[in-house]
1. For region 216-423, just say rounded, prolate or oblate: build the C-alpha gyration tensor, square-root its eigenvalues into a ≥ b ≥ c, call rounded for a/c under 1.5, and beyond that prolate if a/b exceeds b/c, oblate if not.
2. Is region 419-465 rounded, prolate or oblate when judged by the Cα gyration tensor, a ≥ b ≥ c being the square roots of its eigenvalues, rounded requiring a/c under 1.5 and prolate requiring a/b larger than b/c?
3. Would you mind checking which residues have amide H under 5 Å from TYR420's amide H? H placed 1.01 Å from N; only 5 or more apart, or other chain.
4. Percent of alpha carbon pairs in region 297-366 separated by more than 19 Å?
5. Once label points are set 7 Å from the Cα along Cα→Cβ at both ALA55 and ARG293, what is their separation, rounded to one decimal in nm?
6. Could I have the simple spin-label model distance between GLU395 and THR428, label points 7 Å from Cα toward Cβ, reported in nm to one decimal?
7. What longest region of the chain stays clear of trypsin sites (Lys or Arg not before Pro) that DSSP places outside H, G, I, E and B and that have at most 14 other Cβ atoms within 10 Å?
8. Along region 91-97, what does the Karplus equation 6.51 cos²θ - 1.76 cosθ + 1.60 (θ = phi - 60°) give for ³J(HN,Hα), rounded to whole Hz, x for Gly and Pro?
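The values are calculated or read from the model by the stated rules, or taken from the named source; none is laboratory data. Bear in mind that the values here come from a model prediction, so they are computed numbers and not experimental data. Quick reminder, even Gly has a Cβ in these numbers, built from the backbone with ideal geometry, and neighbours come from all protein chains shown. Each accessible area value is taken on the protein alone, full model and side chains, heavy atoms only, with ligands, DNA and RNA left out. Shrake-Rupley method; radii C 1.70, N 1.55, O 1.52, S 1.80 Å.
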Amino acid sequence: MNTHPTTTGSASSGGATHATYPRGLLVAGDPGFDVARKPWNLAVEQRPAAIAHPADAAEVAAVVRLAAASRLRVAAQATGHGAGALGPLDDVVLLRTSRLTGVALDARARRARVGAGTRWLDVVPPAGGQGLAALHGSSPDVGVVGYSLGGGLSWYGRALGLAANSVTAAELVTADGTLVRVDADHEPDLFWALRGGGGSFGVVTALEFALHPISTAYAGLLAWDWRHSERVLTRWLDWAGPAPDAVSTSLRLVQVPPLPEMPEPVRGRALVMIDGAVLADNPEAERILAPLRELAPELDTFTRLPASTLLRLHLEPEGPTPLVSASRTLHELPAGAVGTLLDVAGPDSGTSLQVAAELRQLGGALSRPAAGGGALASLDGAFVLYACGVVPTSELLARARLDARRVVDAMAPFSARQQYLNLTANRTDVAVGYDPLAWARLRAIRAAVDPGGMFVAGHPVPLTA
Ligand SMILES: Cc1cc2nc3c(=O)[nH]c(=O)nc-3n(C[C@H](O)[C@H](O)[C@H](O)COP(=O)(O)OP(=O)(O)OC[C@H]3O[C@@H](n4cnc5c(N)ncnc54)[C@H](O)[C@@H]3O)c2cc1C
(Lines give C-alpha, C1' and ligand atoms only; values in the text may rest on other atoms or scores of the structure.)
Protein backbone atom coordinates (compact mmCIF):
# COMPACT_ATOMS: atom_id res chain seq x y z
CA MET A 1 0.00 0.00 0.00
CA ASN A 2 1.75 3.18 -1.10
CA THR A 3 -0.95 5.84 -0.86
CA HIS A 4 -2.20 7.75 2.14
CA PRO A 5 -5.94 7.16 2.25
CA THR A 6 -7.67 9.69 4.47
CA THR A 7 -11.39 9.02 4.19
CA THR A 8 -13.64 6.01 3.97
CA GLY A 9 -16.63 7.35 2.12
CA SER A 10 -20.01 7.04 3.78
CA ALA A 11 -21.06 4.11 5.91
CA SER A 12 -24.44 2.56 5.94
CA SER A 13 -25.57 1.45 9.36
CA GLY A 14 -24.82 1.47 13.07
CA GLY A 15 -24.36 4.45 15.35
CA ALA A 16 -20.63 4.72 14.79
CA THR A 17 -20.35 4.15 11.09
CA HIS A 18 -20.91 7.57 9.51
CA ALA A 19 -17.54 9.04 10.33
CA THR A 20 -14.52 9.21 8.13
CA TYR A 21 -11.03 8.55 9.42
CA PRO A 22 -9.60 12.02 9.09
CA ARG A 23 -6.17 11.47 10.56
CA GLY A 24 -4.96 9.25 7.71
CA LEU A 25 -2.91 6.12 8.03
CA LEU A 26 0.79 5.99 8.60
CA VAL A 27 2.69 3.93 6.06
CA ALA A 28 6.38 3.02 5.74
CA GLY A 29 8.46 6.11 5.09
CA ASP A 30 6.07 8.44 6.93
CA PRO A 31 7.57 10.37 9.83
CA GLY A 32 6.56 8.54 12.99
CA PHE A 33 5.92 5.18 11.29
CA ASP A 34 8.97 3.50 12.78
CA VAL A 35 8.11 4.67 16.28
CA ALA A 36 4.43 3.76 15.92
CA ARG A 37 5.12 0.22 14.73
CA LYS A 38 7.13 -0.69 17.84
CA PRO A 39 5.21 -2.88 20.30
CA TRP A 40 5.81 -2.98 24.07
CA ASN A 41 7.83 -6.14 23.45
CA LEU A 42 10.82 -4.72 21.59
CA ALA A 43 12.06 -8.24 20.76
CA VAL A 44 9.22 -8.44 18.22
CA GLU A 45 9.66 -6.71 14.87
CA GLN A 46 6.30 -5.49 13.47
CA ARG A 47 6.03 -4.44 9.82
CA PRO A 48 2.38 -3.64 9.17
CA ALA A 49 1.08 -2.32 5.86
CA ALA A 50 -0.25 0.74 7.68
CA ILE A 51 -0.93 2.04 11.19
CA ALA A 52 -4.05 3.82 12.47
CA HIS A 53 -4.58 5.70 15.74
CA PRO A 54 -8.36 6.19 15.87
CA ALA A 55 -9.65 8.49 18.60
CA ASP A 56 -13.16 7.08 19.05
CA ALA A 57 -15.44 4.21 18.05
CA ALA A 58 -16.58 6.03 14.92
CA GLU A 59 -13.00 6.30 13.73
CA VAL A 60 -12.39 2.62 14.51
CA ALA A 61 -15.37 1.76 12.29
CA ALA A 62 -13.99 4.02 9.58
CA VAL A 63 -10.60 2.28 9.75
CA VAL A 64 -12.24 -1.14 9.41
CA ARG A 65 -14.18 0.02 6.34
CA LEU A 66 -11.11 1.64 4.85
CA ALA A 67 -9.13 -1.57 5.36
CA ALA A 68 -11.91 -3.60 3.70
CA ALA A 69 -11.98 -1.23 0.74
CA SER A 70 -8.18 -1.51 0.44
CA ARG A 71 -8.22 -5.34 0.72
CA LEU A 72 -6.34 -5.14 4.00
CA ARG A 73 -7.07 -6.75 7.34
CA VAL A 74 -7.08 -5.18 10.81
CA ALA A 75 -5.14 -6.07 13.97
CA ALA A 76 -6.14 -4.28 17.18
CA GLN A 77 -3.25 -3.58 19.51
CA ALA A 78 -3.26 -1.74 22.82
CA THR A 79 0.28 -2.10 24.15
CA GLY A 80 1.95 -4.90 22.20
CA HIS A 81 2.66 -7.10 25.25
CA GLY A 82 1.19 -9.90 23.13
CA ALA A 83 2.83 -8.87 19.83
CA GLY A 84 4.79 -12.13 19.52
CA ALA A 85 1.60 -14.12 18.96
CA LEU A 86 0.40 -11.98 16.02
CA GLY A 87 2.42 -13.22 13.05
CA PRO A 88 3.16 -11.38 9.78
CA LEU A 89 1.38 -8.06 9.21
CA ASP A 90 2.20 -7.39 5.53
CA ASP A 91 -1.45 -6.97 4.54
CA VAL A 92 -2.64 -5.62 7.88
CA VAL A 93 -3.60 -2.22 9.29
CA LEU A 94 -2.26 -2.15 12.82
CA LEU A 95 -4.98 -0.37 14.78
CA ARG A 96 -3.37 1.08 17.90
CA THR A 97 -5.99 1.74 20.57
CA SER A 98 -3.90 4.10 22.71
CA ARG A 99 -6.19 7.09 21.97
CA LEU A 100 -9.31 5.17 23.08
CA THR A 101 -8.94 6.21 26.69
CA GLY A 102 -11.32 6.93 29.55
CA VAL A 103 -12.06 5.18 32.81
CA ALA A 104 -15.46 5.52 34.49
CA LEU A 105 -16.11 3.86 37.82
CA ASP A 106 -19.52 3.25 39.36
CA ALA A 107 -18.66 2.40 42.97
CA ARG A 108 -22.24 1.70 43.96
CA ALA A 109 -22.79 -0.82 41.14
CA ARG A 110 -19.15 -2.02 41.50
CA ARG A 111 -18.59 -1.61 37.78
CA ALA A 112 -15.86 -0.10 35.62
CA ARG A 113 -16.10 1.02 32.01
CA VAL A 114 -12.84 1.58 30.17
CA GLY A 115 -11.74 2.60 26.69
CA ALA A 116 -9.80 0.00 24.72
CA GLY A 117 -6.45 1.74 25.23
CA THR A 118 -6.66 1.55 29.03
CA ARG A 119 -3.89 -0.20 30.94
CA TRP A 120 -4.28 -1.67 34.42
CA LEU A 121 -2.31 1.19 35.96
CA ASP A 122 -5.09 3.54 34.78
CA VAL A 123 -7.82 1.58 36.62
CA VAL A 124 -6.40 -0.08 39.71
CA PRO A 125 -5.41 3.05 41.71
CA PRO A 126 -8.75 4.89 41.26
CA ALA A 127 -10.72 1.70 41.98
CA GLY A 128 -8.56 1.13 45.07
CA GLY A 129 -9.41 4.65 46.21
CA GLN A 130 -13.05 3.51 46.37
CA GLY A 131 -12.28 0.27 48.23
CA LEU A 132 -12.64 -1.83 45.09
CA ALA A 133 -10.33 -4.16 43.19
CA ALA A 134 -10.21 -5.32 39.58
CA LEU A 135 -8.87 -8.74 38.61
CA HIS A 136 -5.66 -7.24 37.15
CA GLY A 137 -2.53 -9.21 36.42
CA SER A 138 1.04 -8.80 37.56
CA SER A 139 2.00 -6.06 35.12
CA PRO A 140 0.79 -2.46 35.50
CA ASP A 141 1.14 -1.56 31.83
CA VAL A 142 -0.62 -4.57 30.29
CA GLY A 143 -3.81 -3.54 28.46
CA VAL A 144 -7.13 -4.28 30.18
CA VAL A 145 -8.84 -5.43 26.97
CA GLY A 146 -6.17 -7.81 25.60
CA TYR A 147 -5.64 -9.31 29.06
CA SER A 148 -9.37 -9.79 29.70
CA LEU A 149 -10.21 -11.18 26.24
CA GLY A 150 -7.49 -13.80 26.73
CA GLY A 151 -8.55 -14.89 30.24
CA GLY A 152 -6.78 -12.80 32.87
CA LEU A 153 -4.87 -14.57 35.65
CA SER A 154 -4.64 -12.36 38.74
CA TRP A 155 -3.61 -12.42 42.40
CA TYR A 156 -7.33 -12.91 43.09
CA GLY A 157 -7.73 -15.78 40.61
CA ARG A 158 -8.11 -18.73 42.97
CA ALA A 159 -10.77 -16.81 44.93
CA LEU A 160 -12.63 -15.12 42.08
CA GLY A 161 -11.74 -16.86 38.81
CA LEU A 162 -10.48 -15.43 35.53
CA ALA A 163 -10.94 -11.73 34.73
CA ALA A 164 -12.77 -12.67 31.50
CA ASN A 165 -15.65 -13.95 33.59
CA SER A 166 -15.94 -10.62 35.44
CA VAL A 167 -16.57 -8.83 32.11
CA THR A 168 -20.18 -7.64 32.00
CA ALA A 169 -20.37 -5.94 28.57
CA ALA A 170 -18.27 -4.94 25.58
CA GLU A 171 -18.64 -2.58 22.66
CA LEU A 172 -16.93 -3.63 19.47
CA VAL A 173 -16.74 -2.81 15.80
CA THR A 174 -17.45 -5.91 13.73
CA ALA A 175 -16.16 -6.86 10.27
CA ASP A 176 -18.83 -4.82 8.44
CA GLY A 177 -17.87 -1.68 10.34
CA THR A 178 -20.86 -1.75 12.70
CA LEU A 179 -20.54 -0.82 16.37
CA VAL A 180 -22.38 -3.32 18.57
CA ARG A 181 -22.84 -3.63 22.29
CA VAL A 182 -22.77 -7.17 23.67
CA ASP A 183 -23.76 -8.42 27.10
CA ALA A 184 -25.67 -11.35 28.57
CA ASP A 185 -28.90 -10.18 26.87
CA HIS A 186 -27.57 -8.76 23.59
CA GLU A 187 -25.59 -10.87 21.13
CA PRO A 188 -25.00 -13.52 23.84
CA ASP A 189 -22.90 -15.74 21.54
CA LEU A 190 -20.50 -12.93 20.74
CA PHE A 191 -20.42 -11.92 24.42
CA TRP A 192 -19.54 -15.51 25.32
CA ALA A 193 -16.79 -15.68 22.67
CA LEU A 194 -15.11 -12.45 23.75
CA ARG A 195 -14.74 -13.66 27.33
CA GLY A 196 -11.65 -15.78 26.83
CA GLY A 197 -11.78 -16.30 23.05
CA GLY A 198 -9.44 -13.37 22.29
CA GLY A 199 -9.44 -10.68 19.64
CA SER A 200 -10.71 -12.61 16.58
CA PHE A 201 -14.23 -11.19 16.58
CA GLY A 202 -13.87 -7.44 16.13
CA VAL A 203 -12.18 -4.36 17.54
CA VAL A 204 -13.34 -3.82 21.09
CA THR A 205 -13.73 -0.10 21.73
CA ALA A 206 -14.90 -0.25 25.37
CA LEU A 207 -15.14 -2.89 28.06
CA GLU A 208 -17.22 -3.05 31.22
CA PHE A 209 -16.43 -5.35 34.13
CA ALA A 210 -17.24 -6.05 37.75
CA LEU A 211 -15.11 -4.63 40.52
CA HIS A 212 -14.80 -6.57 43.75
CA PRO A 213 -15.12 -5.24 47.32
CA ILE A 214 -11.50 -5.82 48.30
CA SER A 215 -9.66 -2.92 49.89
CA THR A 216 -6.70 -4.76 51.42
CA ALA A 217 -4.96 -8.10 51.15
CA TYR A 218 -2.29 -9.93 53.14
CA ALA A 219 0.37 -9.86 50.45
CA GLY A 220 4.10 -9.76 49.83
CA LEU A 221 7.02 -12.02 49.03
CA LEU A 222 9.22 -14.61 50.66
CA ALA A 223 12.75 -15.13 49.32
CA TRP A 224 15.64 -17.51 49.87
CA ASP A 225 19.00 -17.81 48.14
CA TRP A 226 18.36 -20.10 45.19
CA ARG A 227 20.71 -22.71 46.70
CA HIS A 228 17.57 -23.61 48.69
CA SER A 229 15.47 -24.10 45.52
CA GLU A 230 14.90 -27.83 45.92
CA ARG A 231 13.65 -27.56 49.52
CA VAL A 232 11.44 -24.52 48.83
CA LEU A 233 10.02 -25.82 45.56
CA THR A 234 9.21 -29.22 47.08
CA ARG A 235 7.40 -27.59 50.02
CA TRP A 236 5.53 -25.11 47.82
CA LEU A 237 4.32 -27.85 45.47
CA ASP A 238 2.98 -29.86 48.43
CA TRP A 239 1.35 -26.74 49.86
CA ALA A 240 -0.07 -25.21 46.64
CA GLY A 241 -2.49 -27.96 45.62
CA PRO A 242 -4.58 -28.20 48.80
CA ALA A 243 -4.18 -24.48 49.70
CA PRO A 244 -7.48 -22.66 50.29
CA ASP A 245 -9.04 -20.62 47.47
CA ALA A 246 -8.23 -17.42 49.40
CA VAL A 247 -4.57 -17.59 48.39
CA SER A 248 -2.97 -17.09 44.95
CA THR A 249 0.81 -17.27 44.67
CA SER A 250 3.66 -17.75 42.26
CA LEU A 251 7.08 -19.33 42.78
CA ARG A 252 10.00 -18.01 40.76
CA LEU A 253 13.64 -18.90 40.29
CA VAL A 254 15.12 -15.51 39.53
CA GLN A 255 18.44 -13.89 38.81
CA VAL A 256 17.70 -10.29 39.71
CA PRO A 257 19.78 -7.92 37.57
CA PRO A 258 22.09 -5.55 39.45
CA LEU A 259 20.11 -2.52 38.29
CA PRO A 260 19.47 0.54 40.46
CA GLU A 261 15.67 0.27 39.90
CA MET A 262 15.66 -3.13 41.65
CA PRO A 263 14.95 -2.98 45.41
CA GLU A 264 18.15 -3.19 47.46
CA PRO A 265 17.53 -6.49 49.27
CA VAL A 266 17.09 -8.44 46.02
CA ARG A 267 19.31 -6.45 43.63
CA GLY A 268 21.91 -8.66 41.91
CA ARG A 269 20.82 -11.79 43.83
CA ALA A 270 19.82 -15.26 42.61
CA LEU A 271 16.75 -16.22 44.59
CA VAL A 272 13.85 -18.59 44.89
CA MET A 273 10.92 -16.33 45.55
CA ILE A 274 7.26 -16.87 46.44
CA ASP A 275 4.90 -13.93 46.12
CA GLY A 276 1.16 -13.51 46.15
CA ALA A 277 -1.88 -12.47 48.10
CA VAL A 278 -4.18 -13.97 50.70
CA LEU A 279 -7.76 -12.70 50.99
CA ALA A 280 -8.22 -13.42 54.69
CA ASP A 281 -7.76 -11.68 58.02
CA ASN A 282 -4.22 -11.60 59.43
CA PRO A 283 -4.42 -14.63 61.75
CA GLU A 284 -5.95 -16.79 59.01
CA ALA A 285 -3.44 -15.56 56.40
CA GLU A 286 -0.57 -16.28 58.79
CA ARG A 287 -1.94 -19.76 59.41
CA ILE A 288 -2.15 -20.39 55.64
CA LEU A 289 1.42 -19.19 55.01
CA ALA A 290 2.97 -20.91 58.05
CA PRO A 291 4.28 -24.01 56.17
CA LEU A 292 6.20 -21.69 53.82
CA ARG A 293 7.50 -19.43 56.59
CA GLU A 294 8.70 -22.53 58.44
CA LEU A 295 11.51 -22.68 55.85
CA ALA A 296 12.97 -19.47 57.33
CA PRO A 297 13.01 -17.14 54.33
CA GLU A 298 15.79 -14.59 54.23
CA LEU A 299 13.22 -12.00 53.19
CA ASP A 300 9.57 -11.91 54.28
CA THR A 301 7.54 -8.86 53.27
CA PHE A 302 4.06 -10.40 53.70
CA THR A 303 1.84 -7.98 55.58
CA ARG A 304 -1.55 -6.28 55.25
CA LEU A 305 -1.39 -3.99 52.18
CA PRO A 306 -3.80 -1.76 50.28
CA ALA A 307 -5.11 -3.93 47.43
CA SER A 308 -3.95 -1.42 44.81
CA THR A 309 -0.29 -2.07 45.74
CA LEU A 310 -0.63 -5.61 44.36
CA LEU A 311 -0.28 -4.02 40.93
CA ARG A 312 3.51 -3.78 41.43
CA LEU A 313 4.04 -6.78 43.74
CA HIS A 314 5.70 -8.87 41.02
CA LEU A 315 8.29 -6.22 39.99
CA GLU A 316 7.46 -6.59 36.28
CA PRO A 317 9.37 -4.45 33.77
CA GLU A 318 7.39 -1.34 32.82
CA GLY A 319 7.72 0.50 29.54
CA PRO A 320 8.90 -1.04 26.27
CA THR A 321 11.10 -4.07 26.98
CA PRO A 322 12.81 -6.66 24.74
CA LEU A 323 11.38 -9.83 26.30
CA VAL A 324 11.76 -13.47 25.32
CA SER A 325 9.53 -16.02 27.00
CA ALA A 326 7.97 -19.46 26.79
CA SER A 327 5.10 -21.00 28.71
CA ARG A 328 3.36 -24.30 29.36
CA THR A 329 0.41 -25.21 31.57
CA LEU A 330 1.14 -28.20 33.80
CA HIS A 331 -0.90 -30.71 35.77
CA GLU A 332 -0.03 -31.68 39.38
CA LEU A 333 3.71 -32.27 39.60
CA PRO A 334 5.11 -35.51 41.03
CA ALA A 335 8.18 -35.34 43.29
CA GLY A 336 10.47 -36.25 40.38
CA ALA A 337 9.48 -33.11 38.52
CA VAL A 338 11.41 -30.91 40.97
CA GLY A 339 14.74 -32.29 39.76
CA THR A 340 13.67 -31.97 36.13
CA LEU A 341 12.84 -28.30 36.57
CA LEU A 342 15.98 -27.48 38.55
CA ASP A 343 18.19 -29.18 35.94
CA VAL A 344 17.09 -26.59 33.35
CA ALA A 345 16.34 -23.58 35.56
CA GLY A 346 18.12 -24.06 38.88
CA PRO A 347 21.48 -22.86 40.24
CA ASP A 348 23.55 -25.31 38.16
CA SER A 349 21.58 -24.98 34.94
CA GLY A 350 23.69 -22.19 33.43
CA THR A 351 20.50 -20.44 32.33
CA SER A 352 20.78 -16.91 30.92
CA LEU A 353 17.21 -16.00 31.91
CA GLN A 354 16.34 -13.54 34.67
CA VAL A 355 13.16 -15.50 35.39
CA ALA A 356 14.63 -18.95 34.90
CA ALA A 357 11.25 -20.47 35.78
CA GLU A 358 8.01 -19.24 37.27
CA LEU A 359 5.11 -21.41 38.39
CA ARG A 360 1.77 -19.68 38.87
CA GLN A 361 -0.63 -21.50 41.15
CA LEU A 362 -3.93 -22.49 39.50
CA GLY A 363 -6.87 -24.36 41.04
CA GLY A 364 -9.57 -22.97 43.32
CA ALA A 365 -12.15 -20.87 41.49
CA LEU A 366 -9.98 -21.00 38.35
CA SER A 367 -10.70 -24.71 38.02
CA ARG A 368 -14.49 -24.47 38.45
CA PRO A 369 -16.61 -23.32 35.48
CA ALA A 370 -17.83 -19.78 36.25
CA ALA A 371 -21.64 -19.52 36.34
CA GLY A 372 -22.70 -17.88 33.07
CA GLY A 373 -19.02 -17.72 32.12
CA GLY A 374 -17.49 -17.23 28.69
CA ALA A 375 -15.33 -19.28 26.33
CA LEU A 376 -12.75 -19.69 29.10
CA ALA A 377 -15.09 -20.44 31.99
CA SER A 378 -12.32 -22.30 33.85
CA LEU A 379 -8.69 -23.40 33.51
CA ASP A 380 -7.49 -26.96 33.49
CA GLY A 381 -4.17 -27.70 35.19
CA ALA A 382 -2.39 -26.99 38.45
CA PHE A 383 0.32 -24.51 37.40
CA VAL A 384 1.28 -22.23 34.55
CA LEU A 385 5.01 -22.47 33.89
CA TYR A 386 6.64 -19.36 32.44
CA ALA A 387 10.28 -18.58 31.72
CA CYS A 388 11.54 -15.23 30.46
CA GLY A 389 14.51 -13.02 29.96
CA VAL A 390 15.10 -9.40 29.02
CA VAL A 391 17.44 -9.34 26.02
CA PRO A 392 19.03 -5.93 25.50
CA THR A 393 21.12 -7.06 22.49
CA SER A 394 20.30 -9.20 19.49
CA GLU A 395 23.30 -11.46 20.30
CA LEU A 396 21.58 -12.56 23.52
CA LEU A 397 18.27 -13.21 21.80
CA ALA A 398 18.99 -16.67 20.39
CA ARG A 399 20.49 -17.86 23.68
CA ALA A 400 17.49 -16.62 25.70
CA ARG A 401 15.06 -18.26 23.26
CA LEU A 402 16.89 -21.56 23.62
CA ASP A 403 16.98 -21.35 27.41
CA ALA A 404 13.24 -20.51 27.65
CA ARG A 405 12.38 -23.32 25.24
CA ARG A 406 14.59 -25.75 27.18
CA VAL A 407 12.57 -25.11 30.36
CA VAL A 408 9.12 -25.68 28.85
CA ASP A 409 10.31 -28.63 26.74
CA ALA A 410 11.80 -30.36 29.80
CA MET A 411 8.43 -30.07 31.54
CA ALA A 412 6.43 -31.35 28.54
CA PRO A 413 5.76 -34.73 30.21
CA PHE A 414 3.71 -32.84 32.81
CA SER A 415 1.61 -30.81 30.33
CA ALA A 416 -2.02 -30.21 31.20
CA ARG A 417 -4.57 -31.02 28.49
CA GLN A 418 -5.64 -27.38 28.21
CA GLN A 419 -3.03 -24.64 27.85
CA TYR A 420 -3.38 -21.06 29.13
CA LEU A 421 -2.56 -18.98 26.06
CA ASN A 422 -2.45 -15.48 27.52
CA LEU A 423 1.03 -16.14 28.88
CA THR A 424 2.12 -17.83 25.63
CA ALA A 425 3.98 -15.08 23.83
CA ASN A 426 4.51 -16.95 20.55
CA ARG A 427 2.31 -18.43 17.85
CA THR A 428 1.00 -21.84 18.79
CA ASP A 429 -1.81 -24.31 18.10
CA VAL A 430 -4.69 -22.26 19.52
CA ALA A 431 -7.05 -25.24 19.85
CA VAL A 432 -5.06 -26.42 22.89
CA GLY A 433 -6.38 -23.41 24.81
CA TYR A 434 -9.98 -24.66 24.93
CA ASP A 435 -12.10 -27.69 25.63
CA PRO A 436 -13.34 -29.24 22.37
CA LEU A 437 -16.93 -28.02 22.72
CA ALA A 438 -15.87 -24.44 23.42
CA TRP A 439 -13.43 -24.58 20.50
CA ALA A 440 -16.13 -25.75 18.06
CA ARG A 441 -18.46 -22.98 19.28
CA LEU A 442 -15.73 -20.32 18.99
CA ARG A 443 -15.03 -21.38 15.40
CA ALA A 444 -18.72 -21.26 14.49
CA ILE A 445 -19.05 -17.76 15.98
CA ARG A 446 -15.94 -16.52 14.16
CA ALA A 447 -17.29 -17.89 10.87
CA ALA A 448 -20.61 -16.13 11.48
CA VAL A 449 -19.28 -12.70 12.49
CA ASP A 450 -16.07 -12.48 10.44
CA PRO A 451 -16.47 -14.82 7.45
CA GLY A 452 -13.92 -12.89 5.38
CA GLY A 453 -11.20 -13.04 8.03
CA MET A 454 -10.97 -9.27 8.56
CA PHE A 455 -9.45 -9.50 12.04
CA VAL A 456 -5.91 -10.56 12.84
CA ALA A 457 -5.48 -11.51 16.49
CA GLY A 458 -2.87 -12.94 18.78
CA HIS A 459 -3.88 -16.61 19.23
CA PRO A 460 -6.56 -16.41 16.53
CA VAL A 461 -9.65 -18.58 16.21
CA PRO A 462 -9.11 -19.76 12.61
CA LEU A 463 -11.71 -19.81 9.84
CA THR A 464 -10.29 -22.92 8.18
CA ALA A 465 -9.33 -26.24 9.72
C1 LIG B 1 5.35 -8.69 31.49
C2 LIG B 1 4.04 -9.40 31.26
C3 LIG B 1 3.24 -9.73 32.36
C4 LIG B 1 2.02 -10.39 32.16
N5 LIG B 1 1.25 -10.73 33.24
C6 LIG B 1 0.09 -11.40 33.06
C7 LIG B 1 -0.70 -11.81 34.16
O8 LIG B 1 -0.37 -11.56 35.31
N9 LIG B 1 -1.83 -12.52 33.90
C10 LIG B 1 -2.23 -12.80 32.63
O11 LIG B 1 -3.29 -13.41 32.47
N12 LIG B 1 -1.52 -12.40 31.57
C13 LIG B 1 -0.36 -11.73 31.76
N14 LIG B 1 0.38 -11.36 30.68
C15 LIG B 1 -0.09 -11.70 29.34
C16 LIG B 1 -1.00 -10.60 28.80
O17 LIG B 1 -2.23 -10.63 29.48
C18 LIG B 1 -1.24 -10.82 27.29
O19 LIG B 1 -0.01 -10.67 26.62
C20 LIG B 1 -2.27 -9.86 26.74
O21 LIG B 1 -2.64 -10.26 25.45
C22 LIG B 1 -1.74 -8.45 26.70
O23 LIG B 1 -2.74 -7.57 26.31
P24 LIG B 1 -2.32 -6.14 25.72
O25 LIG B 1 -3.55 -5.50 25.24
O26 LIG B 1 -1.48 -5.44 26.71
O27 LIG B 1 -1.37 -6.58 24.53
P28 LIG B 1 -1.59 -6.39 22.92
O29 LIG B 1 -0.39 -7.04 22.31
O30 LIG B 1 -1.84 -4.98 22.62
O31 LIG B 1 -2.86 -7.22 22.62
C32 LIG B 1 -2.83 -8.63 22.65
C33 LIG B 1 -3.99 -9.17 21.84
O34 LIG B 1 -5.21 -8.81 22.48
C35 LIG B 1 -6.21 -8.56 21.50
N36 LIG B 1 -6.65 -7.18 21.66
C37 LIG B 1 -6.06 -6.15 22.31
N38 LIG B 1 -6.84 -5.05 22.23
C39 LIG B 1 -7.93 -5.38 21.52
C40 LIG B 1 -9.10 -4.70 21.12
N41 LIG B 1 -9.32 -3.42 21.44
N42 LIG B 1 -10.03 -5.37 20.39
C43 LIG B 1 -9.85 -6.67 20.07
N44 LIG B 1 -8.76 -7.36 20.43
C45 LIG B 1 -7.81 -6.74 21.15
C46 LIG B 1 -5.59 -8.79 20.14
O47 LIG B 1 -5.83 -10.12 19.72
C48 LIG B 1 -4.11 -8.60 20.43
O49 LIG B 1 -3.28 -9.31 19.51
C50 LIG B 1 1.61 -10.71 30.84
C51 LIG B 1 2.42 -10.39 29.75
C52 LIG B 1 3.63 -9.75 29.95
C53 LIG B 1 4.50 -9.43 28.77
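1. Judged from the Cα gyration tensor, region 216-423 comes out rounded (a/c under 1.5).
2. Judged from the Cα gyration tensor, region 419-465 comes out oblate (a/c at least 1.5, b/c at or above a/b).
3. Placed amide hydrogens put THR329 under 5 Å from TYR420.
4. Result: 58 percent of Cα pairs exceed 19 Å.
5. In this crude label model, ALA55 to ARG293 measures out at 5.4 nm.
6. 3.2
7. It works out to 109-266.
8. These are the phi-based 3J(HN,Hα) values: 10, 10, 8, 7, 9, 7, 9 Hz.
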